[in-house]
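To start, the structure itself, in structure tokens.
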Amino acid sequence: MSTDTPQPIRLADYRPPAFLIDEAILDFDLRPSATRVKAKLAVRRNPGQSGPLALDGVRLKLIGVAIDGQALDPGAYTLTADHLTITAPPESFVLETEVEIDPQGNKALEGLYMSGDRFCTQCEAEGFRKITYYPDRPDVLSRFTVRVEADAAAFPRLLSNGNLVENGWAGDGRHYAVWNDPFPKPCYLFALVAGELDELTDAFTTMSGRKIDLRIFVDPGQAPRAAYAMDSLKRAMRWDEEAFGREYDLDLFMIVAVRDFNFGAMENKGLNIFNASLLLADGATATDMDYERIESVVAHEYFHNWTGDRITCRDWFQLCLKEGLTVFRDQSFSADQRGEAVQRIKDVRALRARQFAEDAGPMAHPVRPTSFMKIDNFYTATIYDKGAEVIRMLKTLLGAADFRKGMDLYFERYDGTATTVEAFVSCFADASGHDLTDFFAWYSQAGTPTVGLTAAYDAEAKALDLVLTQATGPTPGQPDKRPLPIPMRLGLLDADGNALDFRAPDDEQAVRDTVIVLDSAERRVRLTGVERAPVVSALRQFSAPVTLTSAAASDDGYVLLAADPDLFNRWEAGQRLARALILGRADGQPDAQGEARFAAALARALEDQSSEAAFKALLLSLPSEQDLSLAVAACDPAAIHEAREALRARLAAALSALLEHMHGELSGAGGAFAADAESAGRRALRNAALDLLAAAPGPAIAERALAHYRQASNMTDAMGGLNALMLLGGEAFEEALRDFYARWQAEPLVIDKWFAVQARSPAKDALGRVLGLTAHPAFDAKNPNRLRALVQSFASSNPARFHDPSGAGYRFLADQILATDSFNPMTAARLIEPLGAWRRFKPELGALMRAQLARIAETPGLSKNVLELTTRALAEG
């Protein structure tokens with residue numbers, strides 16, 4: 001690894017490329033430890049630009065370089081560890097290079113590498129430079145033709161982007177295939193896979209009547225498990241036509257599942273590459289959550305065809321332009337497939353768990369950052385999840401019709417180009433006539449705004465006076481914040497839960513729901529025509545990524561929990577009530593009366609026959625310990641854990657009869673496994689009931705949980721039983737673990753779940769168990785899925801044990817980061833986040849966390865990935 005002090009790359013320093021590549025012809029002679037790559041590039045100077053031709057290249061053995069067929073003398077170019085620079089090239093020419101690379105030795109899983117016994121690529125963000133010399137930046141778009149040659153017996157499938165134009169025998173037991181992608185693309189979208197693969201085929205007819213061949217390639221014998229992914233793909237293709245008017249453009253769309261992959265999936269043009277965990281599923285081996293993620297990620301990568309491939313990023317600072325927008329699109333698709341309210345709740349839970357935590361610490365950065373050392377470190381929740389929320393706010397502010405006009409204009413103006421966030425936002429301003437100058441601050445300003453709401457009812461005037469305020473705390477590099485345009489969707493209910501009509505300042509007639517834009521530090525609003533004293537239902541549908549505070553009485557929360565027609569706010573009311581009870585107890589002020597009232601209200605909500613099962617399952621889930629930690633200064637994880645478990649125990653005792661009834665009644669939902677949303681919701685509710693019952697341990701619940709596990713006919717229920725047994729601990733849990741491993745040891749994706757459930761155990765010996773599992777024969781730290789299942793699950797999902805006062809959990813994580821950094825810097829860097837939050841915890845814990853960060857930072861030979869994040873985490877202020 002380079003020991004040079006890495007220098008930040010800044011958005012302000014962007015310069016267009018000196019040269020463009022109109023055509024790239026690549027020839028791969030695939031051999032596991034000595035692959036030869038020949039590149040023939042049609043190069044021309046970018047008009048108005050000057051300077052040499054600088055090509056990126058890392059860990060490449062240069063065999064030869066020529067211009068227009070003439071080999072270059074060594075004096076005509078300079079070669080360093082990172083670049084090949086041709087100092088005085090012609091204005092237009094053909095550059096030919098040949099390099100040798102070692103895919104077998106590439107354990108970083110970037111560029112061309114071996115996953116098991118097959119070749120695979122991962123080029124986003126800067127992996128292509130590990131394949132051949134090239135201007136590895138997203139604003140250089142080229143048409144690629146790729147010839148792949150390999151041993152026919154060992155690598156019978158030869159795949160790359162675009163359409164297959166030729167294949168045949170190359171002699172000496174080798175064969176070849178030639179692929180052509182007619183659409184210009186940046187090199188980060190290049191893909192190649194070669195190996196033995198089974199194939200699932202289907203077809204899709206587009207809205208214009210074109211037939212598209214669909215192929216999913218998987219490990220031998222796994223094709224049936226790709227059926228749900230194929231179905232998701234076809235639904236996503238139809239949805240994108242209907243919702244955005246986007247039709248697929250090639251004649252062939254392919255997906256490949258690989259075992260070793262740093263990302264979840266990658267949208268390479270026409271050849272998506274997926275982590276197998278996000279593609280393969282059947283009822284026996286995959287949970288309902290796996291099915292949901294497969295559906296979402298398949299859609300996400302397909303949607304990138306237009307928002308990422310056809311229109312890409314000018315530079316990596318514009319990453320949110322493709323990722324935030326495409327997350328918004330996949331969330332909208334999932335909402336249509338699985339229910340808008342339930343999906344919105346799940347999306348917001350994820351946002352708060354990951355992005356709000358990011359905003360609250362040293363890793364806070366704008367949706368469009370202004371500098372980085374390694375772009376790999378900015379594939380963050382802020383880019384993806386907050387980026388999606390910004391798009392959602394844009395739609396809320398403009399309305400669905402103008403939002404669609406803006407999207408249509410974006411596709412029309414920028415198809416085939418690499419563009420910017422400014423260009424994107426300008427399309428909506430031009431299409432709608434709205435001035436969006438102030439809205440752009442959502443892209444440039446970090447931090448989670450806090451919105452305050454106070455309300456005063458004027459009974460004589462039948463009016464409600466609202467005072468809305470906003471403030472955003474300082475974040476690294478941004479001490480002072482300006483007001484943002486925040487869309488606040490709200491409605492009113494009376495004390496009995498009936499919806500009230502009212503008139504807002506911008507409404508022409510009485511309404512029951514409106515959007516008020518808070519675009520200054522304070523705004524006062526009078527709602528008129530309010531017949532009775534109201535309960536305010538604010539931030540409906542979570543209309544902005546903010547933290548809402550209100551002086552409303554707790555009684556209002558119970559009205560919203562019982563009757564709010566906005567299901568997100570009904571769920572949110574329950575979360576707020578539970579949060580207050582847990583934090584009060586953690587602070588030494590338990591409220592037994594409040595806990596009893598909350599249990600009664602929850603019982604009424606669960607007995608509501610009009611609510612769907614999936615929504616009830618979400619009601620049973622209390623705020624997570626991570627979420628609760630964000631609500632307090634100098635967090636004490638042990639106190640929060642104990643307080644949360646105390647409320648769970650109180651609820652389990654108060655609701656035991658109802659929970660047992662639900663658990664027993666829903667067990668009759670058996671029969672053949674079905675992955676539809678309704679069936680998944682019933683399983684979710686049954687498992688949630690068992691999970692809460694496990695908060696009040698005893699022989700009866702242990703027997704119930706063990707029976708649940710033993711009788712499970714699908715992986716969702718098996719994991720539901722195993723998770724409940726994990727919470728209970730004891731011999732029943734150990735027995736189930738032994739049985740689970742014996743049954744599924746040949747299934748890597750299932751064994752990931754086995755590792756993860758143990759990593760989440762609240763038992764006091766949790767770290768000892770995790771340490772022991774690192775020596776288990778099935779543990780492979782070089783496989784990102786397995787490492788995340790054990791190490792990341794412990795550090796991120798087991799706060800009570802990770803934050804042990806001894807600091808042993810912190811030392812363990814630091815050891816894992818350093819070990820992983822030696823071969824996979826990208827994965828290592830993603831493990832730093834739990835330590836980076838050290839300022840949020842009580843001083844004695846924060847000091848221990850900081851000490852481990854300092855130990856990492858002081859280790860010689862760190863990758864740029866890990867060095868950048870540890871430096872940011874340790875920075876003062």
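The values are calculated or read from the model by the stated rules, or taken from the named source; none is laboratory data. Values in this document were obtained by computation on a predicted structure and should not be read as measured data. Using ideal geometry, Cβ is built from the backbone for each residue, glycine included, and neighbour counts are taken over all protein chains shown. For the accessible areas, the whole protein counts, side chains as well, though only heavy atoms, and no ligand, DNA or RNA atoms are used. Shrake-Rupley method; radii C 1.70, N 1.55, O 1.52, S 1.80 Å.
Is there a residue in region 773-792 that is part of a helix (DSSP H, G or I), small (G, A, S) and within 24 Å of the chain's Cα centre (by Cα)?
yes
Just to verify a result, which residue in region 679-703, among those that are of a type outside the set (G, A, S) and out of contact with any Gly (no Cβ under 9 Å at 6 or more places or on another chain), is surrounded by the fewest Cβ atoms within 10 Å (Cβ to Cβ)? Talk me through it step by step, then tell me what you get.
Of region 679-703, the ones of a type outside the set (G, A, S) are 682-683, 685-687, 690-693, 697, 699, 701, 703.
Then drop every residue that is not out of contact with any Gly (no Cβ under 9 Å at 6 or more places or on another chain), which leaves 682, 685, 692-693, 699, 701, 703.
Numbers: R682: 23, L685: 26, L692: 24, L693: 28, P699: 8, I701: 22, E703: 11.
Ranking the candidates gives P699 first.
Tell me which of these L581 doesn't satisfy, since it passes every other one: (1) open to solvent by less than 10 Å² (accessible area, probe 1.4 Å); (2) closer than 23 Å to A643 by Cα; (3) not hydroxyl-bearing (S, T, Y).
Result: L581 fails condition (1) only.
Residue-wise test of (1) of a type in the set (D, E); (2) free of Cβ contacts under 8 Å to residues at least 40 places away in the same chain; (3) in contact with an Asp or Glu (Cβ under 6 Å, 6 or more places away or on another chain).
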| residue | (1), (2), (3) |
| --- | --- |
| R10 | no, no, no |
| P16 | no, no, no |
| D22 | yes, no, no |
| L26 | no, no, no |
| N46 | no, yes, no |
| P52 | no, yes, no |
| I63 | no, yes, yes |
| P89 | no, no, no |
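Any residue in region 224-247 that is crowded, with 19+ Cβ neighbours inside 10 Å, outside any loop (DSSP other than H, G, I, E, B) and either among the acidic types (D, E) or touching a Pro at 6+ places or on another chain (Cβ under 6 Å) (or both)?
Looking for residues that are crowded, with 19+ Cβ neighbours inside 10 Å, outside any loop (DSSP other than H, G, I, E, B) and either among the acidic types (D, E) or touching a Pro at 6+ places or on another chain (Cβ under 6 Å) (or both), one finds at least one in region 224-247, hence yes.
Being closer than 30 Å to A227 by Cβ, under 28 Å from the mean Cα position of the chain (by Cα) and not aliphatic (A, V, I, L, M): is that true of R210 here? Talk me through it step by step, then tell me what you get.
On the way: closer than 30 Å to A227 by Cβ: yes; under 28 Å from the mean Cα position of the chain (by Cα): no; not aliphatic (A, V, I, L, M): yes.
Spelling it out, it is not the case that R210 is closer than 30 Å to A227 by Cβ, under 28 Å from the mean Cα position of the chain (by Cα) and not aliphatic (A, V, I, L, M).
For region 425-445, indicate whether the set of residues that are over 27 Å from S371 (Cβ atoms), assigned to a helix (DSSP H, G or I), charged (D, E, K, R) and in contact with a Leu (Cβ under 9 Å, 6 or more places away or on another chain) is non-empty.
Yes: region 425-445 contains one or more residues that are over 27 Å from S371 (Cβ atoms), assigned to a helix (DSSP H, G or I), charged (D, E, K, R) and in contact with a Leu (Cβ under 9 Å, 6 or more places away or on another chain).
Kindly state which strands (runs of 3 or more DSSP E) lie completely within region 113-216 and contain at least 2 residues that are touching a Ser or Thr at 6+ places or on another chain (Cβ under 8 Å) and modelled with pLDDT of 95 or more.
On the way: elements: 118-122, 142-151, 157-160, 163-171, 174-185, 192-195, 198-205.
So the answer is 142-151, 174-185, 192-195.
Based on what the data block shows, is M363 touching a Lys or Arg at 6+ places or on another chain (Cβ under 7 Å), surrounded by 19 or more Cβ atoms within 10 Å (Cβ to Cβ) and hydrophobic (A, V, I, L, M, F, W, C)?
Details: touching a Lys or Arg at 6+ places or on another chain (Cβ under 7 Å): yes; surrounded by 19 or more Cβ atoms within 10 Å (Cβ to Cβ): yes; hydrophobic (A, V, I, L, M, F, W, C): yes.
So M363 fits the description; yes.
Please work out which one of (1) outside any strand (DSSP E or B); (2) farther than 20 Å from R246 by Cβ; (3) open to solvent by 40 Å² or more (accessible area, probe 1.4 Å) is the condition K405 fails and give its number.
Here K405 clears every test but (2).
Please determine, by comparing only the residues of region 48-93 that are among the acidic types (D, E) and open to solvent by less than 80 Å² (accessible area, probe 1.4 Å), which one is farthest from L20 (Cα to Cα). Before the answer, list the steps.
Filtering region 48-93 down to residues among the acidic types (D, E) leaves 56, 68, 73, 82, 91.
Those left that are additionally open to solvent by less than 80 Å² (accessible area, probe 1.4 Å): 56, 82.
Numbers: D56: 14, D82: 19 Å.
Checked region 48-93; the qualifying residue farthest from L20 (Cα to Cα) is D82.
Determine which single condition I856 fails, assuming it passes every other condition in (1) within 23 Å of L767 (Cα to Cα); (2) surrounded by fewer than 22 Cβ atoms within 10 Å (Cβ to Cβ); (3) in contact (Cβ under 8 Å) with a residue 40 or more places away in the chain; (4) touching a Leu at 6+ places or on another chain (Cβ under 7 Å).
Result: I856 passes all but (2).
For region 860-877, name all the residues that are in contact with an Asp or Glu (Cβ under 8 Å, 6 or more places away or on another chain) and outside any helix (DSSP H, G or I).
If the condition is that a residue be in contact with an Asp or Glu (Cβ under 8 Å, 6 or more places away or on another chain) and outside any helix (DSSP H, G or I), then L862, S863 are the ones that fit.
Scan region 254-264 for residues that are in a strand (DSSP E or B) and more than 20 Å from T201 (Cβ to Cβ) and report the count.
Here is the first cut: in region 254-264, the ones in a strand (DSSP E or B) are 254-258.
Narrowing further to those that are more than 20 Å from T201 (Cβ to Cβ): none.
Here the count works out to 0.
Evaluate the following for V258: is it surrounded by 23 or more Cβ atoms within 10 Å (Cβ to Cβ), under 20 Å from V750 (Cα atoms) and either of a type in the set (D, E, K, R) or touching a strand residue (DSSP E or B) at 6+ places or on another chain (Cβ under 8 Å) (or both)?
Values: surrounded by 23 or more Cβ atoms within 10 Å (Cβ to Cβ): yes; under 20 Å from V750 (Cα atoms): yes; either of a type in the set (D, E, K, R) or touching a strand residue (DSSP E or B) at 6+ places or on another chain (Cβ under 8 Å) (or both): yes.
Here the answer is yes, as V258 does meet what is asked.
Counting only residues that are charged (D, E, K, R) and open to solvent by less than 40 Å² (accessible area, probe 1.4 Å), how many does region 615-643 have? Let's see the steps before the verdict.
Taking region 615-643 as the starting set, the residues that turn out to be charged (D, E, K, R) are 616, 625, 627, 636, 642.
Within this subset, residues satisfying the condition of being open to solvent by less than 40 Å² (accessible area, probe 1.4 Å) are 616, 625, 627.
So the answer is 3.
Can we say G729 is under 19 Å from N798 (Cβ atoms) and either surrounded by fewer than 22 Cβ atoms within 10 Å (Cβ to Cβ) or aromatic (F, W, Y) (or both)?
Values: under 19 Å from N798 (Cβ atoms): yes; either surrounded by fewer than 22 Cβ atoms within 10 Å (Cβ to Cβ) or aromatic (F, W, Y) (or both): yes.
Yes: the conditions hold for G729.
Quick one: which residue in A381, A388, A357 is closer than 29 Å to G416 by Cβ and small (G, A, S)? Reasoning before the result, please.
Details: A381 fails: closer than 29 Å to G416 by Cβ; A357 fails: closer than 29 Å to G416 by Cβ.
None of the others qualify; the one that does is A388.
Applying the selection to region 62-108, what residues are of a type in the set (D, E, K, R) and either part of a loop (DSSP other than H, G, I, E, B) or over 40 Å from the mean Cα position of the chain (by Cα) (or both)?
Step one: filter region 62-108 for residues of a type in the set (D, E, K, R), giving 68, 73, 82, 91, 96, 98, 100, 102, 107.
Within region 62-108, D68, D73, D82, E91, D102, K107 meet the criteria.
I'm told A592 meets every condition in (1) under 13 Å from G491 (Cα atoms); (2) surrounded by fewer than 17 Cβ atoms within 10 Å (Cβ to Cβ) except one. Can you identify the failing condition by its number?
(1)
Looking at region 114-138, which of its residues are over 24 Å from the mean Cα position of the chain (by Cα) and hydroxyl-bearing (S, T, Y)?
Just the residues of region 114-138 that are over 24 Å from the mean Cα position of the chain (by Cα), to begin with: 114, 116-119, 129-136.
The answer is T132, Y133, Y134.
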